[in-house]
Amino acid sequence: MHPAFSVILLTTLIGAGQGLFLALYTGESYSVVELLPPQSSQFYALGSAIAVVFLIGGLAASFFHLGHPERAWRSAAMWRTSWLSREVIVLPLVIGLIALYGLAHYLRLDLKIFGVETNVRGDLTLLIGAAGSLATFGLFICTGMIYACIKFLQEWHSPLTVINYILLGTACGFTLATAFAVYGAPDLVNFYGAWAIIITLAALVTRAASLIRNARIRHKSSLRTAIGVRHSKITQKSQGLMGGSFNTREFFHGTPLWFFRSVKWIFLVLVFPVPVALLLAGLLGHSLTLLYTAFVVQYAGLLAERWFFFAQANHPQNLYYQTVG
Amino acid sequence: MSQLALVIDLNVCVGCHACVTSCKEWNTSGTAGYMSDDRPYGEDPTGTFFNRVQTFEIGEYPNTDTVHFPKSCLHCEDPPCVPVCPTGASYKRPEDGIVLVDYDKCIGCKYCSWACPYGVRELDEHQKVMKKCTLCVDRIYDQSLPEAERKPACVMACPTSARLFGDVHDPESEVSIAIRESGGFALMPEWGTHPANHYLPRRKTQITIHKDELVRADNPLKKEGKLPKPDINEPSLDDVTSW
Ligand code: SF4
Ligand code: SF4
């Protein structure tokens, strides 16, 4: 498939925003059961604001993918059948809940405003955060399923696609949270850093699994089934057009093989070992620069990862577009 | 419930592209708006088409067979392109099974084109909406046309009658009989899309000659070759003709 930059930005930005929010909420939940010291409201409020900025950035990028962005509201219609439609509904929901979560922290609201007394610190934000976390996971699943549900894009048609979206987004968000915590919540830096490393390594396992799976994939369609002639040697002599068409532009990545292959190694290095090393060095050396570099490198790596994710998918329609003529 | 469809006879198609041009002509002049054409006579032409004719070579020289292969939306009975559409712009008509795009609803997200294994949906580069074969839905029901012309433009144009049009749910229709009796097949059956359009295979006319038929039985001298001319005065077989 042709990797569209708008979709690469969309999926990586919302992944980072969702991951950051999950990190914030994890920190807050741990502090309620007193596993971690509680943090200032400002920390959560500012963190939520950053997460919202990432998510809105992703949403904005997605509009560039549409031919008719002014009709985008229509895309909420078919949520019963379309994962894309579901994503369109869940994304604003996530943004809204995270914004609400940040606002409740900022205004230090709790359930008392509804006349309920629970004696739990931050009961309201915990509730909103729980809803937000559910919606965040829902959004990860929607994003992943958009790709995983197309059965003839065999490289994508696997639970690994959804798992990778969840783990890669969360890893990126936790790495960002590590650097962000240096400002507002120094007690949490090690906690976030450790989780960022663990999730990054987990994502390495699942992403590697999908790479191995895809390397061994046997495509079900061939020219034989495409034109219904049973012969082991079929060559295309003409695709019916001399210039390009939508079919030759949208479904091929159009880069030389060496480039395609090097992107794989670039992302494998930038998303996994380098950020882990930078995180470790940053945590041990108390260096904010190193922690931020870890996030920037990992995000850049994820851009490459997403490019590769699209480029690697082999659409069966390409069988019909092998030779110009 | 009927399911309108095309049946394309690969044995007859000569690859003349008449269906391609008449399709474009009819559909670019319709109420749904033009079909883009950029630099049609330039170096790098591109445009929107509902129908393409491709050519494949089967086998290895010198034993090759050329197959011309017209390809358009197959109006699948279980179309994977429809449920993925977030706006409902892509839909399948219950009454005649035609799969259509509502150009006023389509947001041009291209997701349906990803979900069609056959690559027959094309995004119009200028109108930014998804386009595909409509089976000439604006023609086949047009009461102002003579009955015989209420067919898709490609079917009307085909000089070899390689394209048949009809209801594949009616077992006695021309298309159903052709599929049933001439080995009609569907493309990429592995994805369970159940295309309504079918293709008829290449068929070769062959006779079987047994070895003993290569040698004349009434040949006592066992000499093959031209028989000696009988004398002009000799009686001929039927006593009438003579050399
Ligand atoms: S051929 Fe493609 S566009 Fe046409 S109905 Fe089937 S899946 Fe949809
Ligand atoms: S491009 Fe149009 S028809 Fe296709 S899925 Fe998107 S909105 Fe639906």
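The values are calculated or read from the model by the stated rules, or taken from the named source; none is laboratory data. Please read these numbers as outputs of a predicted model, since none were measured by experiment. Cβ coordinates were reconstructed from backbone atoms using ideal geometry, including for glycine residues, and neighbour counts include every protein chain displayed. Just so you know, the surface numbers come from the protein's heavy atoms only, side chains and all, with ligands and any DNA or RNA stripped out. Shrake-Rupley method; radii C 1.70, N 1.55, O 1.52, S 1.80 Å.
If you average the alpha carbon positions of the stretch B:75-128 and of the stretch A:197-254, how far apart do those two centres end up, in angstrom?
22 Å
Mind checking the per residue accessible area of the stretch B:4-200 for me, 1.4 Å probe, whole number of Å²?
39 Å²
Can you divide the C-alpha Rg of the stretch A:107-265 by 2.2 N^0.38 Å and report the result to two decimal places? Don't skip to the answer; put the middle values down first.
On the way: Rg = 24.0 Å, N = 159, 2.2 N^0.38 = 15.1 Å.
The stretch A:107-265 yields a ratio of 1.59.
Can you give the Rg to Rh ratio of the stretch A:48-198, both from alpha-carbon atoms, with Rh computed by the Kirkwood formula?
Ratio value, two decimals: 1.02.
Could you compute how much accessible surface residue B:172 exposes when probed at 1.4 Å, giving the result in Å² to the nearest 10?
Here the residue's solvent-accessible area equals roughly 130 Å².
Say the dipole of the protein assembly as shown comes from +1 at the beta carbon of Lys and Arg and -1 at that of Asp and Glu; which of A:209, B:183, B:88 then lies farthest toward its positive end?
Working it through, the farthest residue towards the positive pole turns out to be A:209.
When the C-alpha atoms of chain B are aligned to their principal axes, what extent does each axis show, in angstrom, from largest down?
90, 47, 41
Could you point to the residue in A:244, A:140, A:196 farthest towards the positive end of the stretch A:93-250's charge dipole, with +1 and -1 charges on the Cβ of Lys/Arg and Asp/Glu respectively?
Farthest towards the positive end: A:244.
Could you work out the mean count of beta carbons from other protein chains within 10 Å of each residue's beta carbon in A:62-73? Mind showing how you got there, number by number?
Values: counts 1, 1, 0, 5, 6, 13, 12, 4, 1, 9, 4, 2.
That works out to 5 on average.
Please sort through the DSSP H helices of chain A and keep those with an alpha-carbon extent of at least 24 Å along the long axis and a Kyte-Doolittle average not below -1.0.
Span-like helices here: A:5-32, A:41-63, A:83-106, A:123-148, A:159-184, A:189-215, A:288-312.
Per-residue mean of other chain beta-carbon atoms within 10 angstrom of the beta-carbon, peptide A:174-180?
Mean inter-chain Cβ contacts per residue within 10 Å come to 0.
Where the only charges are on Cβ atoms (+1 Lys, Arg; -1 Asp, Glu), what is the dipole of chain A about its Cα centre, to the nearest 20 debye?
1780 debye
Taking Cα pairs under 8 Å and at least six residues apart, what relative contact order does chain A come out at, in percent? Could you put the intermediate results ahead of the total?
Working: 468 pairs, mean separation 76.0, N = 325.
Once divided by the residue count of chain A, the mean separation gives 23 percent.
Using a 1.4 Å probe and counting only protein heavy atoms, arrange A:128, A:14 so the residue with the most accessible area comes first.
Result, largest first: A:128, A:14.
Assuming a viscosity of 0.692 mPa s and a temperature of 37 °C, what translational diffusion coefficient in µm² per second does Stokes-Einstein assign to chain A, Rh being the Kirkwood radius over Cα pairs?
Here the translational diffusion coefficient equals 154 µm²/s.
Let me know the mean shielding of A:141-150 by other chains, meaning the per-residue number of their Cβ atoms within 10 Å of its Cβ.
Shielding by partners across A:141-150 averages 2.
Please enumerate, by chain and number, the lysines with C-alpha under 16 Å from the C-alpha of residue A:237, excluding those fewer than 8 residues away in the same chain.
Those lysines meeting the cut-off are B:71.
Starting with the highest mean, order B:33-44, A:54-65 by the number of other Cβ atoms within 10 Å, averaged over the residues of each peptide. List each step's numbers first, then the result.
Values: B:33-44: 12.5, A:54-65: 19.0.
Most protected by this proxy first, the peptides run A:54-65, B:33-44.
Over 22 Å between Cα atoms: which of A:233/B:110; A:151/A:220; B:151/B:204; A:233/B:24; A:220/A:264; B:92/B:151 fall into that group? It would help to have the intermediate numbers written out before the result.
Numbers: A:233/B:110 33 Å; A:151/A:220 11 Å; B:151/B:204 29 Å; A:233/B:24 32 Å; A:220/A:264 24 Å; B:92/B:151 19 Å.
Cα-Cα > 22 Å for A:233/B:110; B:151/B:204; A:233/B:24; A:220/A:264; rest within.
From largest accessible area down, sort B:22, A:82; use a 1.4 Å probe on the protein chains. Intermediate results must be reported in sequence, preceding the final value.
Details: B:22 25, A:82 0 Å².
Result, largest first: B:22, A:82.
To the nearest 500 deg cm²/dmol, what mean residue ellipticity at 222 nm is calculated for chain A from DSSP H runs of n ≥ 4 alone, each contributing -39,500 (n - 2.57), summed and divided by the residues?
Roughly -23000 deg cm²/dmol at 222 nm, from the helical runs in chain A.
When only C-alpha pairs under 8 Å and at least 6 residues apart count, what is the relative contact order of the stretch B:4-200, in percent?
29 percent
Only bridges whose two residues both fall in the protein assembly as shown count here: according to DSSP, what percent of them are antiparallel, nearest 5?
If I count the DSSP bridges inside the protein assembly as shown, around 90 percent turn out antiparallel.
May I ask you to work out the translational diffusion coefficient for the protein assembly as shown at 10 °C, viscosity 1.306 mPa s, via Stokes-Einstein with Rh from the Kirkwood sum over Cα pairs, reported in whole µm²/s?
In µm²/s, the coefficient is 58.
Treating only the Cβ atoms of Lys and Arg (+1) and Asp and Glu (-1) as charged, compute the dipole magnitude of the stretch B:4-200 about its Cα centre; round to the nearest 20 debye. Could you put the intermediate results ahead of the total?
Working: 17 positive and 28 negative charges, 86 e Å.
With only Lys, Arg, Asp and Glu charged at Cβ, the dipole is about 420 debye.
How much accessible area is lost when chains A and B come together, counting both sides, with a 1.4 Å probe, in Å² rounded to the nearest 100?
Roughly 4600 Å².
In debye, nearest 20: dipole of the protein assembly as shown around its Cα centre with unit charges on the Cβ of K, R (+) and D, E (-)? Walk me through the numbers on the way to the answer.
On the way: 47 positive and 47 negative charges, 262 e Å.
That gives a dipole near 1260 debye.
Could you work out [θ]222 nm for chain B from helices alone, using -39500 (n - 2.57) per DSSP H run of at least four and dividing by all its residues? Round to the nearest 500 deg cm²/dmol.
Value at 222 nm, helices only: -3000 deg cm²/dmol.
For the protein assembly as shown, with all protein chains present and a 1.4 Å probe, just round the carbon and sulfur fraction of the accessible area to a whole percent. Write out the running numbers ahead of the final one.
Numbers: 16700 of 26650 Å².
Looking at the protein assembly as shown in its full context, I get 63 percent from C and S.
So if each residue of separation counts as 0.36 nm, and I subtract the Cα-Cα distance between residue A:63 and residue A:130, what length gain in nm does that give?
Extra length available between residue A:63 and residue A:130 comes to 21.2 nm.
How long, wide and thick is the stretch B:1-135, going by the Cα atoms along their three principal axes, in whole angstroms, largest first?
Sorted largest first, the three principal extents are 52, 42, 25 Å.
Over chain A, with the other protein chains present, what is the accessible area per residue in square angstrom, probe 1.4 angstrom?
Ligands and nucleic acids excluded, the result is 43 Å² per residue.
With springs only between Cα atoms under 10 Å apart, run a GNM on chain B and tell me which of B:230, B:86, B:94 wobbles the most.
B:230
With every protein chain in place, what's the accessible area of residue B:150 (1.4 Å probe, Å², nearest 10)?
So the heavy atoms of residue B:150 present about 50 Å² to solvent.
Cα to Cα, under 18 Å, and not fewer than 8 places away if on the same chain: which aspartates and glutamates meet these conditions relative to residue B:223?
Partners within reach: B:212, B:213.
Calculate, in whole percent, how much of the Cα-Cα pair population of the stretch A:34-122 lies beyond 22 Å.
Numbers: 1797 of 3916 pairs.
Tail of P(r) above 22 Å: 46 percent of Cα pairs.
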